[in-house]
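The values are calculated or read from the model by the stated rules, or taken from the named source; none is laboratory data. Just so we're clear, the structure is a prediction, and the values are computed from it rather than from any experiment. Neighbour counts are summed over all protein chains in view; Cβ atoms, including those assigned to glycine, are modelled from backbone coordinates with ideal geometry.
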Amino acid sequence: MTQMPENPVVSAILDGIKPNKSVICAVLAFLEAVFEDIESPKGPSSIDVVRQREVNRNGVVAQGRRAPKHLKRFGLPTENVSGDLSGRKTPWAGKLALGVVGLLQSQEFESADVAKKEQMLCTISEPFRSMLGSSLGPMRIARSGMSAAAVVEELLKQAESRGIVSAIAELLVGSKLEVCIDSRHGAAIAEQHKWDNGHDDPNALGDYRIENVAIEVTMVRGPDESHRTKANRITAEGTSQCWLIVRSDKIKTWQDYIAKAPSKYPKLVRCFGICEFVGQNVAETRWRSIDDASDPLRDVLEKLNELVFRLGRQSLPAAQVQLVD
C-alpha cells in the first residue's frame with residue numbers, strides 16, 4: 001500500500017511521537033485549556049502562560065475531563081474518550097503543548113482577535129479530532145430499503161459524529177460530479193478535489209468550478225452572510241452561476257434567505273440539498289453523462305473512497321465508506 005503523507009499540522013505538533021489515543025487526547029485537552037482561557041472573564045493570557053499553567057512534568061491537568069469537553073464543543077460524541085475521568089496524563093504532554101504553542105506563535109496567535117484565535121484553534125483541532133475516529137473503522141451504510149438520498153443522509157450523519165462532515169460533504173459532491181458528468185469535464189473536476197472544507201479561502205470562487213458554474217458546498221447549520229457574499233461575488237458580472245449545496249434539512253431556510261437578500265442577478269444563485277444533489281441521478285446538472293449508470297451512487301461512494309486515499313488522510317479508516325446491501 002502507498003505510504004500516505006502526514007498532515008503538516010499533525011507532523012509539526014507530534015514531531016515523531018506515535019499518535020495513540022492518549023497522545024491525541026492530550027493535544028485536544030490542551031487546545032480546550034486554551035479555549036477556556038480565551039473565554040475566561042479575566043481575558044486571555046499569553047499562550048505560553050497557559051502552557052506553563054496547564055502542563056507539568058506528568059502531563060496535561062484534567063486530560064480525562066477536557067478532551068471530552070473539547071469534543072462536545074464541536075457536537076461530537078465522547079464515548080470513545082470519556083471512559084477515563086481520572087485525569088490520567090501522557091508523559092509526552094509537555095512536548096505536545098510546546099508543539100501547539102510553537103505552531104500558534106508562528107501564526108501570530110497573540111496579536112489576533114478572539115474570532116481569529118478560535119479559528120486557529122479549530123484548524124489545529126480538526127485533524128486530531130478526525131484521528132480519534134480511526135479507531136471506529138469505516139463508516140458502514142446498510143442500504144437495504146433506503147433511497148439514495150437517505151443513504152447520503154446517513155453517511156453525513158456518521159461523518160458528523162467523527163468530526164469530518166465538511167470534508168466528506170465536499171468530496172461527496174466532487175465524487176458525484178466526476179462520476180456522473182460527461183468526459184469533457186472529468187479531468188478538470190479531478191484537479192479540484194481537496195480534503196479540508198472547513199476553512200476555505202474566502203477569495204476562492206467555488207469549491208468546484210465547471211464552465212460558468214461555481215459550486216459551493218457548506219455544512220453550516222443555517223444561512224450565513226459569508227456564503228451569501230461569496231455567491232454575490234460569483235454572480236456579480238451576470239455571467240456566472242453559483243450553486244450552493246447545503247444541508248438538506250435547511251434547504252427551505254436557505255432559499256428564503258437568498259430570496260430576502262438577493263444578489264444583483266438572483267436567478268443565477270441556486271440552492272440544492274446535498275442528499276438530493278448527490279443521491280439523485282444527475283437531474284440537476286447540465287453536463288449529463290452520455291452513459292447513465294443504473295446505480296450511480298455505488299460508483300460515487302467508490303470514487304469517494306479513492307479520493308480519501310489519494311488525498312492522504314491519517315484518519316483513513318474513519319473516512320472510508322462500506323456500502324452493505
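Structural remarks
- Subset tally (residues that are among the aliphatic types (A, V, I, L, M) and either in a helix (DSSP H, G or I) or not assigned by TED's automatic domain parsing to the domain that holds Ile274 (or both)) for the range 221-260: 5
- Given (1) buried (at least 19 other Cβ atoms within 10 Å of the Cβ); (2) basic (Lys, Arg); (3) in contact with a helix residue (DSSP H, G or I) (Cβ under 8 Å, 6 or more places away or on another chain), index of the condition Lys264 fails: (1)
- Within the range 201-219, considering residues that are touching an Asp or Glu at 6+ places or on another chain (Cβ under 7 Å) and in a loop (DSSP other than H, G, I, E, B), the one modelled with the lowest pLDDT: Gly206
- Tally of residues being β-branched (Val, Ile, Thr) and at pLDDT below 90 across the range 19-48: 2
- Pairs with Cβ under 9 Å, 6+ apart, first in the range 79-108 and at pLDDT 70 or above, second assigned to a loop (DSSP other than H, G, I, E, B) and among the hydroxyl-bearing types (Ser, Thr, Tyr): Leu96/Thr90
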